[in-house]
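What follows is a single structure, written as structure tokens, with notes after it.
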Amino acid sequence: MALTVNALHPVFAAEATGIKIGANISPETVEEIENLMAVYAVLVLRDQNCTDEEQVAFAKFFGPRESPAGATTYGPQNANRLPMYMFDAGNIGLDGEILPLDNARRQMRLGDRLWHSDSSFNPLPTKWSMLSGRVIPPEGGNTDFADARAGYDSLPESMKQKLEGLVAEHSIWHSRVKGGMPAEMIGTAQTNILPPVYQPIVRTIPRSGRKSLMVGSHAGRIPGMPTDEGRKLLEELTDHVTQPKYIYSHVWKQGDLVMWDNRCTLHRATPFDDTKFKRDMRRTTCAEFAPSWAAVG
Ligand code: OGA
Ligand code: MN
């Protein structure tokens, strides 16, 4: 099928037609998608209306798939209602109803409204996320994306030099508290399963060779710097990347699949009335590579 591409923004993000995701993707199409992602970093595929199986199979073409861990530590009512390798980014419970306000899974989702890079709190570099819109609320609930390569490119030379070799501490619990999840909901079961990790602040993305800023709300500290100073610098960098000129805001249509490179973009969910409307969003995420012991496949 011929692939056509339309840019959606001056610096990144495109819509592609001619791809139907699933288990049957040719090596040529995989290569084309890799090349498009290296250029655009966000790719919108409309009218996919995919099944969970198709979405899970599609992700595997691009790297070992990650499995969700965080919310499952909150007991059976937070068991994953989706198959293995699928993250639940929606507001629907095991009973098919809207999650109640005090539900841990709902509390965890609040942090998605802050700018972040998926799984930057995992020890392995995460590569891409693929999010499908199954049920879209009638108003609100866009996903905003920002280009962290454009953010890096436009930093003053002195800042680029200052950042060379610096690492940041990333933790999902840092962003959950910042997003409004009560701190007392985070215990040792949670911190043991997802302890903090350290990531370089500047990364070079393999295929494009472009440098990018690895910041966002999971990053809370810069080792070797006073905590306040580190946090201030990380917030400044996140603000720099998320200037309006670097943002593409995706307005969802049911059936969309949006893929993004977590290594060089930030994203956030925008608010909607999550007590009134259902929003069913399902995500697969792949890593750049896997060690033999990881729960990825
Ligand atoms: C995610 C996420 C944003 C949204 O699934 O990682 O941040 O709009 N989702 O649901
Ligand atoms: Mn996310």
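Structure values in brief
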{"read-out": "Filtered residues of the range 112-158 (kept if more than 16 Å from ligand 2 (Cβ to nearest atom), of a type outside the set (Ser, Thr, Tyr) and in a loop (DSSP other than H, G, I, E, B))", "value": "123, 124, 136, 137, 138, 139, 140, 155, 156"}
{"read-out": "Residues satisfying the stated conditions in the range 206-233, i.e. assigned to a helix (DSSP H, G or I) and in contact (Cβ under 8 Å) with a residue 40 or more places away in the chain", "value": "230"}
{"read-out": "Residues satisfying the stated conditions in the range 276-291, i.e. among the charged types (D, E, K, R), at pLDDT 95 or above and assigned to a loop (DSSP other than H, G, I, E, B)", "value": "276, 278, 279"}
{"read-out": "Positions within the range 241-260 being in contact with a Phe, Trp or Tyr (Cβ under 9 Å, 6 or more places away or on another chain) and over 21 Å from residue 140 (Cβ atoms), in sequence order", "value": "241, 246, 259"}
{"read-out": "Check on residue 189, over 19 Å from residue 38 (Cα atoms), aliphatic (A, V, I, L, M), touching a residue at least 24 places away in the same chain (Cβ under 8 Å) and away from ligand 1 (no atom under 14 Å from the Cβ)", "value": "yes"}
{"read-out": "Top-ranked residue of the range 43-69 - restricted to ones that are assigned to a loop (DSSP other than H, G, I, E, B) and aromatic (Phe, Trp, Tyr), ranked as surrounded by the most Cβ atoms within 10 Å (Cβ to Cβ)", "value": "62"}
{"read-out": "Subset of the range 245-275 that is away from ligand 2 (no atom under 16 Å from the Cβ) and not charged (D, E, K, R) - its residue that is modelled with the lowest pLDDT", "value": "275"}
{"read-out": "Residue list for the range 245-271, filter: crowded, with 22+ Cβ neighbours inside 10 Å and of a type in the set (Val, Ile, Thr)", "value": "258, 265"}
{"read-out": "Residue match in the range 90-99 (condition: surrounded by 14 or more Cβ atoms within 10 Å (Cβ to Cβ), at pLDDT below 95 and within 16 Å of ligand 2 (Cβ to nearest atom))", "value": "no"}
{"read-out": "Among (1) part of a helix (DSSP H, G or I); (2) within 23 Å of residue 123 (Cα to Cα); (3) in contact (Cβ under 8 Å) with a residue 40 or more places away in the chain - the single one residue 106 does not satisfy", "value": "(2)"}
{"read-out": "Some residue of the range 234-244 being part of a strand (DSSP E or B), within 16 Å of the chain's Cα centre (by Cα) and either surrounded by 23 or more Cβ atoms within 10 Å (Cβ to Cβ) or modelled with pLDDT under 95 (or both)", "value": "no"}
{"read-out": "Answer from 265, 275, 227 - the residue that is of a type in the set (Ser, Thr, Tyr), out of contact with any Asp or Glu (no Cβ under 8 Å at 6 or more places or on another chain) and within 30 Å of residue 161 (Cα to Cα)", "value": "227"}
{"read-out": "Hits in the range 248-275 (condition: small (Gly, Ala, Ser) and assigned to a strand (DSSP E or B))", "value": "249, 269"}
{"read-out": "Subset of the range 194-214 (residues that are over 25 Å from residue 35 (Cβ atoms) and either surrounded by fewer than 14 Cβ atoms within 10 Å (Cβ to Cβ) or touching a Cys at 6+ places or on another chain (Cβ under 7 Å) (or both))", "value": "195, 198"}
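The values are calculated or read from the model by the stated rules, or taken from the named source; none is laboratory data. Everything numeric in this text was worked out from a predicted model, so none of it was measured. Positions of Cβ are backbone-derived with ideal geometry, glycine not excepted, and every protein chain shown enters the neighbour counts.
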